[in-house]
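In what follows, a structure is listed as structure tokens, so that the remarks can point back to it.
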Amino acid sequence: MGQAPCRYDPRVDLIERLRGIVGNSHCLTDATLRAGYETDWTRRFNGEALAVVRPGSADEVGAVLRACAEARVGVVPQGGNTGLVGGSVPRGGEVVLSTLRLASIEDFDAAAGEVTVGAGATLASVQAAAESAGWAVGVDLGARDSASIGGMVATNAGGANVLRHGPMRQQLLGFEAVRADGSVLLRLPGMPKDNTGYDLAGLLAGSEGTLAVLTRVRLRLVPRLAQRAVAVVGFADATTAVGAATQLRRELGSVLALELFTDDGLVLVMRHARVAPPFAERRPVYLLVEVGSDVADPTDDLVVALDALGTDAAAAAVATDPGGRHRLWQLRERHTEAVNAEGVPHKLDVSVPLARYAELIERAPGVVAAVDPAARTFSYGHVGDGNVHVNVLGPAPDDEAVDDAVLGLVLELGGSVSAEHGIGVAKVAWLVRDRGETTVAAMRAIKDAWDPAGILNPGVLFAPHS
Ligand code: FAD
Ligand code: MLT
Ligand code: ZN
């Protein structure tokens, strides 16, 4: 009997190297331990990882990237895994690099209102640290307990307060990031004024893990607003609600958030989150407005502005105490989980010029029904900055006909196919249709220069090189 041939498997060799870098307990190969890292929040996207590694320092991240580059194995950076476009989970055979252990909060400058945090720190943990010193984080979103600061920078997350403070890119003062070859880019602490060549921090914001792995971030903080008020107001249609939002934004300097949702979304939220309606009467469309100030109570101005709109008192609720404000916010924030509880959604996060916002809300169900009459459409969003979240339930996860129909409508209305969630793997085919061949070729040239072997998040933003 001859001896069995000795087969060299480079993947086994890579796993051994990874264990040596991060330690056995932080290199997960067992299927049950990997599972939570392999499926995205919506359950629409999933894939098997070769391994999940959880490095504890930028040096370990560099060593992991070098080992994967030598083995020609792709790496999927992952923070809180709350991304909604499939960019944080493997497509099949990659190494997932989780930043969860890089969660330090360091170098808090309470005088300047700046802080350096590990990429894996959750938004909620940074908010708590900032608030204890009288500051706040400029970006806030419903996934705050899990979303990581690194993931938020990598997606250039937006959320509810963009109209006041801008998205994550505008909170960024400095960064530490590891490139595909393991080299470390460092610009910490970073300066509010810093015209020393290309804005690499700005480039990494929104790069979705395709250019480098962020390991630390320097954030600018914003003053914590002690005085706040929230109102929910019902309207007969989207056009009137958007008109009201525009007027409130123009007239109230204290506006922090302007959010829109519809009555069928409210019904879902009431059912799944077990919350009460804002008032007894029902209306087809609702506007949530939040105002905040650190000098004077903004409630009176809000009430006067709502009166000036001719708001029907039977379809309006105002809250100033923390519990009441929270209850009203739940009606908008819990749409994501309520939709998810009904099925696997097609999530179409888009922007349109404000003048076309109501038209998108009104036409989206029709374009969806034209390709899938049984599908259900739920639209809500950050009306203050033109961002609509069109959610479609019904079509199979890999059936892209409704995605095509809605994104086609968005381009017809002069919008963008991704407002705040990114391209991920969900919208790769749509990047060229939105930005055009020349722009996407320029983006691809940057990708090829930074990551010539294409190991960082292959399949995200661009189709793989053929
Ligand atoms: P992940 O999901 O882990 O990753 C997202 C992307 O970033 C992936 O491409 C990944 O590869 C990359 N990445 C992660 N960490 C790093 C890193 N350190 N370096 C390089 N690349 C990295 N988004 C909004 O913009 N606004 C909202 O209002 C909003 N609300 C949400 C509400 C809910 C309930 C949920 C579930 C999600 C919501 N999101 C929202 C989407 C999501 O929370 C954001 O996209 C968030 O920024 C993702 O952070 P994360 O740490 O979970 O990233
Ligand atoms: C939101 O604004 O609620 C989030 O972006 C998540 C979603 O689109 O459901
Ligand atoms: Zn959103």
Quickly run through segment 137-172 and pick out the residues that are part of a strand (DSSP E or B) and within 6 Å of ligand 1 (Cβ to nearest atom).
148
Residue within segment 332-345 that is at pLDDT 95 or above, surrounded by 22 or more Cβ atoms within 10 Å (Cβ to Cβ) and away from ligand 1 (no atom under 12 Å from the Cβ) present
no
For segment 19-33, check the following and say yes or no: at least one residue is among the polar types (S, T, N, Q), surrounded by fewer than 24 Cβ atoms within 10 Å (Cβ to Cβ), without any contact (Cβ under 8 Å) to a residue 60 or more places away in the chain and under 15 Å from residue 459 (Cβ atoms).
no
Across segment 393-440, which residue is nearest to ligand 1 (Cβ to nearest atom) among those that are in contact with a Pro (Cβ under 8 Å, 6 or more places away or on another chain) and not hydrophobic (A, V, I, L, M, F, W, C)?
420
Which of the following residues is at pLDDT below 95 and either within 16 Å of ligand 2 (Cβ to nearest atom) or not charged (D, E, K, R) (or both): 207, 148, 183, 132?
132
List the pairs whose first member sits in segment 187-206 and is closer than 8 Å to residue 175 by Cβ, whose second member is surrounded by 13 or more Cβ atoms within 10 Å (Cβ to Cβ) and among the hydroxyl-bearing types (Ser, Thr, Tyr), and whose Cβ atoms are under 7 Å apart, counting only residues at least 6 apart or on separate chains?
188/116
Could you go through segment 128-136 and let me know if any residue there is in contact with a Lys or Arg (Cβ under 9 Å, 6 or more places away or on another chain) and either near ligand 1 (Cβ under 8 Å from one of its atoms) or in a loop (DSSP other than H, G, I, E, B) (or both).
yes
Would you check if there is a residue in segment 377-386 being surrounded by fewer than 22 Cβ atoms within 10 Å (Cβ to Cβ) and away from ligand 1 (no atom under 16 Å from the Cβ)?
no
For segment 390-405, give me each residue that is within 15 Å of ligand 2 (Cβ to nearest atom) and crowded, with 24+ Cβ neighbours inside 10 Å.
390, 391, 392
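Looking at this structure, is residue 65 in a helix (DSSP H, G or I), in contact (Cβ under 8 Å) with a residue 60 or more places away in the chain and within 16 Å of ligand 1 (Cβ to nearest atom)?
yes
Results for (1) under 30 Å from residue 38 (Cβ atoms); (2) in contact with a Gly (Cβ under 8 Å, 6 or more places away or on another chain); (3) not acidic (Asp, Glu), shown as yes or no for each residue.
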{"site": "389", "(1), (2), (3)": "yes, yes, yes"}
{"site": "394", "(1), (2), (3)": "yes, yes, yes"}
{"site": "415", "(1), (2), (3)": "no, yes, yes"}
{"site": "422", "(1), (2), (3)": "yes, yes, yes"}
{"site": "449", "(1), (2), (3)": "no, no, yes"}
{"site": "465", "(1), (2), (3)": "yes, yes, yes"}
Which numbered condition residue 124 fails, given (1) within 12 Å of ligand 1 (Cβ to nearest atom); (2) part of a loop (DSSP other than H, G, I, E, B):
(2)
Index of the failed condition, residue 268 passing every other in (1) touching a helix residue (DSSP H, G or I) at 6+ places or on another chain (Cβ under 6 Å); (2) aliphatic (A, V, I, L, M); (3) part of a loop (DSSP other than H, G, I, E, B):
(3)
Of (1) touching a residue at least 40 places away in the same chain (Cβ under 8 Å); (2) surrounded by 15 or more Cβ atoms within 10 Å (Cβ to Cβ); (3) not polar (S, T, N, Q), residue 372 fails just (1)
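The values are calculated or read from the model by the stated rules, or taken from the named source; none is laboratory data. Values in this document were obtained by computation on a predicted structure and should not be read as measured data. Note that we place each Cβ from the backbone using ideal geometry, even for glycine, and neighbour counts take in every protein chain shown.
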